[in-house]
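Asker: Here it is, the structure in full.
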Amino acid sequence: MEKRNRIRTSRGDRVFEICNFIFMILLMIVTLYPFINILAVSLNDAQDSIKGGIYLFPRALTLDNYQYVFKEATIFHATLISILRTVIGTVVTVLGSAMVAYTISRQDYVLRKFITIAFILTMYFNGGLIPNYLLMRDMNLVGSFWVYILPGLIGVFNLIIIRSFIENLPESILESGKIDGAGDFKTFISIVLPLTMPVLATVALFSGVYQWNSWFDVFLYNSSKINLSTLQYELQKILQNSTATAGTSSMDGMINGANGSQQGAVTPLSIRATMTIVASVPIIMVYPFLQKYFVKGMMVGGVKG
Amino acid sequence: MNTKTILATPEIKTDQKPAGLRLFLTKLVKQRVLVFMSVPFLIWLFIFKYLPLWGWTIAFQDYRPALGFWDQKWIGFSHFKFLFGDERFLRVLRNTLAMSSINLILGFLTAIVLALLLNEIRQVAFKRIVQTVSYLPHFISWVVAASIIQTTLSPDGIINQLLIWAGFIDKGQEFLFLGIPHFFWGIFGASSVWKDIGWNTIVYLAAMTTIDPSQYEAAEMDGAGRFKRMFYITLPGIKSVVVVLLIMNIGYLLESGFEPQYLLGNGMNVDYSENIDIFVLKYGIAQSNFSLSIAAGMFKTIVSFILLFVANSVAKRAGESRLF
């Protein structure tokens, strides 16, 4: 805007700006349309949706699909487990990562180098599917809730962005704790934790998103335990069923029709749409508010150019 | 009591080892709080990240779950030999390389172009809205994304409807996109771009903010137009970041992902959608052939390990900053 005052905007510039604007609008449409479409289907009468032709708005508005989904005991319970693993997993990960990051940010700590290298090395390899599975089995974690929390406890990436953040804090603040005679743990709790809140918010977002979105560990370790199923895994099962029937929504309708269709009954198509919305809404509500923080976190953790 | 003496007389080298160890232990005791804060997680790390490597021994055995470790029959490299003669494994390897290359090239190009275009938007509020929207698909799970992609690509989905509307196909000729094998790589590439294009711009936009604005002003004085400024100032300004990321990503050539292929794959497109990770899953879990599955996983990890180390040192030698 200020540039316009200094130098006249050429015709080419105007054309470019308009094209760029149109491109950005198109990008937003391509990003958002699929969500809006699914939202419309989830709010539309299930039998009516089979006819197709739902794009931006529901044709026969109803909340029946949502009512059905939350009355379904399995899905309700799975949502609870999803919330539980997200909350517990995030708290444990944030505190644990912050603690380790603080110790390896201390230049005088004798184990600093060893711990740092031990963690960073694990970025380059992993045991793989079967060895991990055998470990969980031998530790009696298969069929338990803790298999969601323990394996992903601390991510190296999180560790590095927190460490970089602590190292960039002014030395004098960290020193002030020592003068007051505070021990290392007290310094961590009362000085480091409050000051690292911005980066911890980033780690909390990453960890929360990871926990909320996980389905593969449910499939691998707990697929026979219905009371430990999660929302994403329930959605995945529905998805897999519709893939088996070639993923056509009209076929979903036919299956339901064969099961005896009365007016207002739900269909796999509308259940899938509804659960897709339920599974993504919490994230959509949270991430825009943390944008400032995670953009910074990515800058620190990505490449220090 | 010893610390002071040792620090004061460092020239005593005859008993260096015990002194070093004692110094280390003294420090360890002094820093016990830090030890308590970190060592439990170190133990966690060894159990959950290093201990599974022991399972690699299974790749060299004719593994029988009922037998103990010492009773297994050791058969050397024959599982690996089998893999490289196996038509299915070679196809899976081809798919892995193809999809990760597509992802690499498309991911880089689209993100750089989008970052360049975003950088040209002067209305701050509009730019912020576009950015926020573009991050959205990164945060949703692949399960949700796959559900969305399936809906979009279904016969009554928007893509087919647009094709009918534009007159490319007639009603009744709708494509069953996910059922056409050689469409899969393209669908995978497009889905990955859709999901991560916005997210991938973050690093480039950050690099662009470090470019000295006076460079643009000088170029403008010299009569350089917008495109010239983009090509001669912005692009060179982010070159080092691009080079480092590119080299690092080559290290992940065998990591083509798992979830999109697994969730969008089906019986019809399996010849093009199955990659190493799915091969490992199918042999390991569905067929319980642990040895072969681990051999395939091990191959992937070791090649990635070497590639990453080479990539890291190449990036270092190129005088650019490494990832860490």
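For every residue, the table says whether it meets (1) more than 8 Å from every other protein chain (Cβ to nearest Cβ); (2) free of Cβ contacts under 8 Å to residues at least 12 places away in the same chain; (3) buried (at least 20 other Cβ atoms within 10 Å of the Cβ).
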residue	(1), (2), (3)
B:Leu253	yes, no, no
B:Ser256	yes, no, yes
B:Glu259	no, no, no
B:Asp271	yes, no, no
B:Leu281	no, no, yes
B:Ala286	yes, yes, no
B:Phe290	no, no, yes
B:Ile306	yes, yes, no
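Asker: Select, from B:Val133, B:Val144, B:Val113, the only residue that is surrounded by 21 or more Cβ atoms within 10 Å (Cβ to Cβ) and of a type in the set (A, V, I, L, M). Show your work before the answer.
Answerer: Numbers: B:Val133 fails: surrounded by 21 or more Cβ atoms within 10 Å (Cβ to Cβ); B:Val113 fails: surrounded by 21 or more Cβ atoms within 10 Å (Cβ to Cβ).
Just a single option satisfies the conditions, and that option is B:Val144.
Asker: Looking at A:Phe294 and the list (1) modelled with pLDDT of 95 or more; (2) surrounded by 21 or more Cβ atoms within 10 Å (Cβ to Cβ), which single condition is not satisfied?
Answerer: It is condition (1) that A:Phe294 fails.
Asker: Considering only the stretch B:199-224, state which residues are more than 27 Å from the chain's Cα centre (by Cα) and either crowded, with 21+ Cβ neighbours inside 10 Å or part of a loop (DSSP other than H, G, I, E, B) (or both).
Answerer: From the stretch B:199-224, those more than 27 Å from the chain's Cα centre (by Cα) are B:211-224; that's our starting set.
Across the stretch B:199-224, the qualifying residues are B:Ile211, B:Asp212, B:Asp222, B:Gly223, B:Ala224.
Asker: What is the number of the single condition among (1) in the same structural domain as A:Leu235 (by TED's automatic domain parsing); (2) over 20 Å from the mean Cα position of the chain (by Cα) that A:Val100 does not meet?
Answerer: That leaves (1) as the condition not met.
Asker: Cβ contacts < 7 Å: first residue within 13 Å of A:Glu171 (Cα to Cα), restricted to the stretch A:105-118; second residue outside any loop (DSSP other than H, G, I, E, B) and of a type in the set (Asp, Glu), any location; separation 6+ or different chain. Result?
Answerer: Pairs that qualify, where the first residue is within 13 Å of A:Glu171 (Cα to Cα) and the partner is outside any loop (DSSP other than H, G, I, E, B) and of a type in the set (Asp, Glu), are A:Ser105/A:Glu167.
Asker: Then there's this: Need a quick list: helices (runs of 4 or more DSSP H) entirely within the stretch B:83-198 having at least 3 residues that are free of Cβ contacts under 8 Å to residues at least 12 places away in the same chain and within 14 Å of chain A (Cβ to nearest Cβ).
Answerer: Details: elements: B:87-119, B:124-139, B:142-153, B:158-165.
Filter on the stretch B:83-198 gives B:124-139, B:142-153, B:158-165.
Asker: Identify, by number, the condition in (1) out of contact with any Ser or Thr (no Cβ under 9 Å at 6 or more places or on another chain); (2) modelled with pLDDT of 95 or more; (3) within 30 Å of A:Ser144 (Cβ to Cβ) that A:Lys71 doesn't meet.
Answerer: That leaves (2) as the condition not met.
Asker: Another question about this same structure. I'm trying to understand the selection: among the residues of the stretch B:62-74, which are assigned to a loop (DSSP other than H, G, I, E, B) and in contact (Cβ under 8 Å) with a residue 40 or more places away in the chain? Write out each step before concluding.
Answerer: Kept after step one, since they are assigned to a loop (DSSP other than H, G, I, E, B), are these residues of the stretch B:62-74: B:63-68, B:72.
If the condition is that a residue be assigned to a loop (DSSP other than H, G, I, E, B) and in contact (Cβ under 8 Å) with a residue 40 or more places away in the chain, then B:Tyr63, B:Pro65 are the ones that fit.
Asker: Can you pull out the helices (runs of 4 or more DSSP H) entirely within the stretch B:230-324 that have at least 3 residues that are at pLDDT below 90 and among the hydrophobic types (A, V, I, L, M, F, W, C)?
Answerer: Values: elements: B:235-250, B:259-264, B:270-273, B:276-281, B:290-317.
By residue number, B:235-250, B:290-317.
Asker: Oh, and also: Consider only pairs whose beta carbons are under 6 Å apart and that are at least six residues apart or on different chains; among these, list those whose first residue lies in the stretch A:47-62 and is among the acidic types (Asp, Glu) and whose second residue is assigned to a loop (DSSP other than H, G, I, E, B).
Answerer: A:Asp48/A:Arg59; A:Asp48/A:Ala60
Asker: Could you figure out which of (1) in contact with a strand residue (DSSP E or B) (Cβ under 8 Å, 6 or more places away or on another chain); (2) closer than 20 Å to A:Tyr124 by Cα isn't true of B:Ser291?
Answerer: (2)
Asker: Pick from the stretch B:43-61 the residues that are part of a helix (DSSP H, G or I) and more than 9 Å from chain A (Cβ to nearest Cβ): which of them is nearest to A:Ala118 (Cα to Cα)? Can you show your working first?
Answerer: Going residue by residue through the stretch B:43-61, those that are part of a helix (DSSP H, G or I) are B:43-60.
Retained after the next criterion (residues that are more than 9 Å from chain A (Cβ to nearest Cβ)): B:43, B:57, B:59-60.
Values: B:Ile43: 11, B:Thr57: 22, B:Ala59: 25, B:Phe60: 26 Å.
Among those that are part of a helix (DSSP H, G or I) and more than 9 Å from chain A (Cβ to nearest Cβ), it is B:Ile43.
Asker: With the requirement that a residue be more than 9 Å from chain B (Cβ to nearest Cβ) and crowded, with 19+ Cβ neighbours inside 10 Å, what does the stretch A:27-39 give you? Lay out the reasoning, then the answer.
Answerer: As a first pass, look at the stretch A:27-39 and keep what is more than 9 Å from chain B (Cβ to nearest Cβ): A:29, A:36, A:39.
Hit for the stretch A:27-39 is A:Leu39, nothing else.
This table checks each residue for (1) of a type in the set (Lys, Arg); (2) within 8 Å of chain B (Cβ to nearest Cβ); (3) under 16 Å from A:Arg272 (Cβ atoms).
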position: A:Arg11; (1), (2), (3): yes, no, no
position: A:Ile22; (1), (2), (3): no, no, no
position: A:Ile25; (1), (2), (3): no, no, no
position: A:Gln47; (1), (2), (3): no, no, yes
position: A:Leu56; (1), (2), (3): no, no, no
position: A:Leu63; (1), (2), (3): no, no, no
position: A:Tyr66; (1), (2), (3): no, no, yes
position: A:Ile75; (1), (2), (3): no, no, yes
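Asker: OK, next. In the stretch A:145-163, what count of residues is obtained for those that are without any contact (Cβ under 8 Å) to a residue 24 or more places away in the chain, in a loop (DSSP other than H, G, I, E, B) and more than 8 Å from chain B (Cβ to nearest Cβ)?
Answerer: Step one: of the stretch A:145-163, the residues without any contact (Cβ under 8 Å) to a residue 24 or more places away in the chain are A:146, A:150.
Adding the requirement that they be in a loop (DSSP other than H, G, I, E, B) leaves A:150.
Adding the requirement that they be more than 8 Å from chain B (Cβ to nearest Cβ) leaves none.
Final tally of qualifying residues: 0.
Asker: OK, next. For the stretch A:176-192, give me each residue that is more than 14 Å from chain B (Cβ to nearest Cβ) and not in a helix (DSSP H, G or I).
Answerer: Scanning the stretch A:176-192 gives a single hit, A:Asp180.
Asker: Limited to the stretch A:105-135, what total is found for residues that are more than 7 Å from chain B (Cβ to nearest Cβ) and either among the hydrophobic types (A, V, I, L, M, F, W, C) or crowded, with 16+ Cβ neighbours inside 10 Å (or both)? Can you show your working first?
Answerer: So the first thing to find is which residues in the stretch A:105-135 are more than 7 Å from chain B (Cβ to nearest Cβ), and the list is A:105, A:107-108, A:112-114, A:116-117, A:121, A:123, A:133.
Pick out the ones that are also either among the hydrophobic types (A, V, I, L, M, F, W, C) or crowded, with 16+ Cβ neighbours inside 10 Å (or both) and you get A:105, A:112, A:114, A:116-117, A:121, A:123, A:133.
Looking only at that region, the number is 8.
Asker: Read through the list (1) more than 20 Å from the chain's Cα centre (by Cα); (2) surrounded by fewer than 16 Cβ atoms within 10 Å (Cβ to Cβ), then give the number of the only condition that A:Ile83 fails.
Answerer: Failed condition: (1).
Asker: Restricting the search to the stretch A:193-224, which residues are more than 11 Å from chain B (Cβ to nearest Cβ) and under 18 Å from A:Ile154 (Cβ atoms)?
Answerer: A:Leu193, A:Thr196, A:Val199, A:Leu200, A:Ala201, A:Thr202, A:Val203, A:Ala204, A:Ser207, A:Asp217 - these are the residues of the stretch A:193-224 that are more than 11 Å from chain B (Cβ to nearest Cβ) and under 18 Å from A:Ile154 (Cβ atoms).
The values are calculated or read from the model by the stated rules, or taken from the named source; none is laboratory data. Given the structure is predicted, the values throughout are model-derived calculations rather than measurements. All Cβ positions, even for glycine, are placed from backbone atoms using ideal geometry, and neighbour counts span all protein chains on display.
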